Amino acid sequence: MDNQITPLTDLRWYSVDFDGVIAESVWPDRGIGPAIEENIQKLTEIHKAGFKIVVHTARPWSDYPVIEDWLVKRGIPFRAIVCGKLLAHRYVDDRAINSKESSWLI
């Protein structure tokens, strides 16, 4: 088994938040808001560039089937959905991209 650490530049995954990035946030309503079309186009762009997409959300795992159905019905490319991320006022990350950037292929 190869124990080499893959350089960060070789990672082929994008982790993308669901509410407020892929779908309009309707919090505290438990429904799903309308698709954010310009960001779905960015998801398609990064998928076509060979990246794999994981959708993450603070929603509970009980919402997984609804989120999955919503993504599939809209043809949004994704490899996985992860529910239940840490609730925080802000996330600080050295590898973050603002969802409002014109392209996520930065």
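Each reported figure results from applying straightforward, stated rules to the coordinates on display, with no laboratory input. A quick note: this is a predicted structure, and the numbers were derived from the prediction, not measured. As a convention, Cβ positions derive from the backbone with ideal geometry for all residues, glycine included, and neighbour counts pool all protein chains shown.
List of remarks:
- For trypsin sites (Lys or Arg not before Pro), the sites in the chain that DSSP calls loop and that have at most 16 other Cβ atoms within 10 Å are Arg12, Arg30, Arg74, Arg79, Lys85, Arg90, Arg95, Lys100.
- Fewest neighbouring Cβ atoms within 10 Å first, the residues Ser102, Ser15 line up as Ser102, Ser15.
- Annotation for Lys73 and Ser25: the two label points, set 7 Å from Cα along the Cα-Cβ direction, are 2.3 nm apart.
- J(HN,Hα) series, the range 89-94, from Karplus relation 6.51 cos²θ - 1.76 cosθ + 1.60, nearest Hz, glycine and proline x: 5, 8, 9, 10, 8, 6
- Qualifying GluC sites (Glu not before Pro) in the range 8-106, DSSP loop, other Cβ atoms within 10 Å at most 13: Glu24, Glu101
- Residue-span extension gain [Leu105 to Arg90] - 0.36 nm each, minus C-alpha spacing: 3.1 nm
- The DSSP beta bridges internal to the chain are antiparallel in roughly 10% of cases.
- The chymotrypsin sites (Phe, Trp or Tyr not before Pro) of the range 1-98 that DSSP puts in a loop, and whose beta carbon has at most 16 other beta carbons within 10 Å, are Tyr91.
- In percent, rounded to a whole number, the relative contact order of the range 39-106 is 43, using alpha-carbon pairs under 8 Å and six or more apart.
- Debye-sum result for the chain in log10 I(q)/I(0), which assumes one identical scatterer on each alpha carbon, at q = 0.11, 0.14, 0.18, 0.25 Å⁻¹: -0.36, -0.58, -0.94, -1.65
- Against the chain, whose longest principal axis comes from its Cα atoms, helix 37-48 is set at around 30 degrees.
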